[in-house]
1. Check the straight Cα-Cα distances from residue 371 and name the aspartates and glutamates below 14 Å, setting aside those fewer than 8 residues away within the same chain.
2. Along the charge dipole of the chain, which of 481, 25, 356 sits closest to the positive end, that is, farthest toward it, with unit charges on the beta carbon of Lys, Arg, Asp and Glu (+1, +1, -1, -1)?
3. Taking chymotrypsin sites (Phe, Trp or Tyr not before Pro) that fall in a DSSP loop and have at most 15 other Cβ atoms within 10 Å as cut points, what is the longest piece of the chain between them?
4. Whole angstrom only: what separates the Cα centroid of segment 432-455 from the Cα centroid of segment 112-127?
5. Antiparallel as a % of all DSSP beta bridges within the chain, to the nearest 5?
6. Within the chain, which cysteines find no other Cys whose Cβ is under 4.7 angstrom from their own?
7. Which one, 205, 237, 115, projects farthest toward the positive side of the charge dipole computed for the chain from Cβ point charges (K/R +1, D/E -1)?
8. Got a sec? Charge dipole of the chain, +1 on Cβ for Lys and Arg, -1 for Asp and Glu; which of 226, 100, 444 is way out at the positive end?
Amino acid sequence: MPGRFYVTTPIYYVNDAPHIGHAYTTVIADALARWHRLVGDDTFFLTGTDEHGLKVAQSAEERGVSPQAQANANAARFRAAWDELDISYDDFIRTTEPRHHTAVQTLLSAVHDNGDIELDTYEGPYCVSCEAYYQESELVDGCCPIHTGKPVVRLAEENWFFRLSRYQQRLLDWIETDPAAIQPEGKRNEVLGFVRQGLDDVSITRTSLDWGVPVPWAPGHVFYVWYDALINYATAIGYGTEPERFTTWWPHVHHLIGKEIIRFHCVYWPAMLMAAGLDPPHRVHVHGWLLLGGEKLSKTVHGAARLTDIAPARLLDDFGVDGFRFHFLRDQSFGPDGEFSYEAMVARYNADLANNLGNLLSRVTTVVDRKCDGIGPAPRPDSPLAAVAAEVVAATSAAWDAVAPSQALEATWRLIREGNALLEAAEPWKAEPGPDVDGVLGDALEVLRLVAVLASPALPSTTREVFRRIGLDGSPTDRVLPEVAAWGGYPGGRPVEKGAPLFPRIRTDA
Ligand code: MSP
């Protein structure tokens, strides 16, 4: 049943260049968007950049450029990185755009009008890297609990406060009545624990800087960067300007976030939406960190040199765009932390792409060339692989629906293995041309067709090339599931092309 799927990544700070940690979330969001388009869902995929706030303003100052110039340059780098990685975003939002200023002012004015934003004074420990106040009890040796060893600063400001404390019960009701709203379950429990402790009101404006969206009712104040940033998810679908478009997409959203920004997305953001008279988000999917030598991969924590070493582009020479995407989808489970290692990336690439998929394609195209004059035969309707294929389609779909890309690809690769096993058992390369050889090769071509469809969210360009090499017109994504995944879709009688390996093996002895 086609539905509606709105997926978002966090919007990335423009004080930093894109690195593979950002790419991780973005590639997963992209694959999910592609999967949902494949099943025929109306899909909207949003990413973008977070351009205001103290951290961004300070880093621009250190570089001797204006915050706007820095934002322009780095937003362009994010966009270029995503274009290079074949990220099929529908919109790239920048928080310095006029449309976003309008949405922020409209949404927060609605909360103000409802009486949930009031003037007050706040004093407390503040981490500039997080752009967040902490409780004294949360500090670790006087330092930020997230940025290990980074001292906090004391801030005291008379600010406008969002009365978050009034939303404790409504937040609990939301999380308790919709147990899937925050995933995985461990993260849901973390949020429940935090909300049950009771919630402090939060300061949502600043007078100490002017790099932000002005507060319409309080000259000299700008909105605190997080309250500006979160609203991007509403801006991009027309909040405040295109009411019909907004209600088409909201609240059918799936937010993908790293675990360090869970409070913003699972407590402050839903409460703010409720206060503005809107529904909380449909789903928040929280993932762990990509670690390098046990440390989070992020410039503010890590040495810049090591991080710049792994800008996405650095890995593309070795793995190609699809090889890069595959690694982050297949090797890193969505949810827990995962260690990034070049060696593991090579091992997985060689095993799954160069060997399993690459072998199947090269064997089939070579033997069709030799035994069938280069014309691909049709699959057998009663093939032993038909039932396997149906199971694989079901398992792949279930895993993508559950936001488990690694399991989805594992399920799809079962079909590749079974296709290779069929060939190894039948050895068509040793047999005389005839109906038996045609049957086996037809089945293997059908496996390739199905794999090209099912793996298209992960490998968009190589699966198009598989289609072309087995003689099919168009692209694996031209038709939607489930029809396109029914056994027997390969028509036979098509010219099949041998070609260079799609995923040349990476030598590990060099
Ligand atoms: N600007 C805020 C988000 C605002 S959303 C309304 C922000 N930006 S960020 O540039 O720091 O990006 C953080 C996000 O990047 C993480 O939540 C995660 O999605 C991704 N990652 C950054 N480093 C990462 C790892 N080392 N591992 C996994 N994801 C990483 O926070």
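The values are calculated or read from the model by the stated rules, or taken from the named source; none is laboratory data. This is a predicted model, so every value here is computed, not measured. No Cβ is skipped: glycine too gets one built from the backbone with ideal geometry, and neighbour counts run over all protein chains shown. The accessibility values were calculated without ligands, DNA or RNA, using every heavy atom of the protein model including side chains. Shrake-Rupley method; radii C 1.70, N 1.55, O 1.52, S 1.80 Å.
1. Result set, ordered by chain and number: 427, 432, 436, 438, 497.
2. Result: 356, furthest along the dipole toward the positive end.
3. Longest stretch, sites excluded: 1-216.
4. 65
5. Of the beta bridges lying entirely in the chain, close to 50 percent run antiparallel.
6. 143, 266, 372
7. The residue sitting most towards the positive pole is 237.
8. Toward the positive end, the furthest listed residue is 444.
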